[in-house]
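Heads up: the structure comes next, in C-alpha cells.
None of the figures in this text is laboratory data; all of them are computed from the coordinates on show. Predicted model, so just to flag it, every value in this text is computed and none were measured. We place every Cβ from the backbone using ideal geometry, glycine too, and count neighbours over all the protein chains shown.
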Amino acid sequence: DGGITQSPKYLFRKEGQNVTLSCEQNLNHDAMYWYRQDPGQGLRLIYYSQIVNDFQKGDIAEGYSVSREKKESFPLTVTSAQKNPTAFYLCASQGPGQLYGYTFGSGTRLTVV
Amino acid sequence: EDKVVQSPLSLVVHEGDTVTLNCSYEVTNFRSLLWYKQEKKAPTFLFMLTSSGIEKKSGRLSSILDKKELFSILNITATQTGDSAVYLCAVSTNAGKSTFGDGTTLTVKP
C-alpha cells in the first residue's frame, strides 16, 4: 500500500544534541513538507520541497535543516539551535498539480529531556 | 503574512446535532482551501475547494467557499461520537505551500 512512513514515533533527546527524523514515501509524489504542531495549535510549516535537490524555508525554519537527495525521502534534522524543540512533527506529501490534499505520515513526537 | 483563522476553537454538542465550523483567511495568491480531520495523529483529507459557491458533499459533511468574503464553512449534520476530532482548515497558495488555522476541537457526546 502507498503511504508515508515517519520514524521513530517517539523520540527523546538531551539538550544540545542534534536529532534526525525520518520521512519516506512511496506515492511517487514530488512535493514533501515538514510541519510542527504544538498543543492546541495548528500546523506550522518548517521546510518544504517541490522537487529533488531543492527545498525552501517555511515560516519557522530556524534551528532545523533538511535534505532531499531522493524523491522518496525528506529527513528533518532538529539542531541544538532550536530553542524549543519539544513538539509533534508531521511529514506530508502532495501529488502533482496540487489537485488533492496532503497525505500525512503518522508523526513523530519529540521530547527534549 | 498569510493568515487562517478558525472559529470556534472548541465545540461540545450531543449526538444528532448539526454543527457549523468557520474558517476565514487572508493570503496572497490563493489557490485552494482544504479541510482536514485529525483524530489522533495524522490529519486526513476531507475537502478541497477552489471555486466560490459550489458545495462539496461527502455523506453528512459538506463545505462551501466564499472567495469574495474570504470565508469557508464546514457543516456536519446528525453528528455522531465518531465525528469527535480536531478539524483543520488550510489555505494553499500558488507558491506551493499551505497555511493552517489552529483548528476547531469538536466533541460529540452520546
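Give me log10 I(q)/I(0) at q = 0.07 Å⁻¹ for the protein assembly as shown, Debye formula, one equal scatterer per alpha-carbon, no solvent. So the normalised log intensities are -0.22. Comparing chain B with the 2.2 N^0.38 Å rule of thumb, its C-alpha radius of gyration ratio is 1.02 (two decimals). Across B:Asp66, B:Asp17, B:Asp83, mean-square fluctuation computed from a Gaussian network of chain B (C-alpha pairs under 10 Å connected) peaks at B:Asp17. Cross-link reach is defined here as a Cα-Cα straight distance under 15 Å, omitting same-chain residues fewer than 8 places apart; for A:Lys83 the aspartates and glutamates meeting it are A:Glu15, A:Asp38, A:Glu62. For the segment A:101-107, counting C-beta atoms of other chains within 10 Å of every residue's C-beta and taking the mean gives 6. Charge dipole (Cα centre; +1 on Lys/Arg Cβ, -1 on Asp/Glu Cβ; no other charges) of chain B amounts to roughly 300 debye. Can you tell me how chain A classifies by the Cα gyration tensor, rounded, prolate or oblate, using a/c under 1.5 as the rounded cut? Judged from the Cα gyration tensor, chain A comes out prolate (a/c at least 1.5, a/b above b/c). Between A:Val113 and A:Val52, the distance separating the two model label sites (each 7 Å from Cα on the Cα→Cβ line) works out to 3.9 nm.
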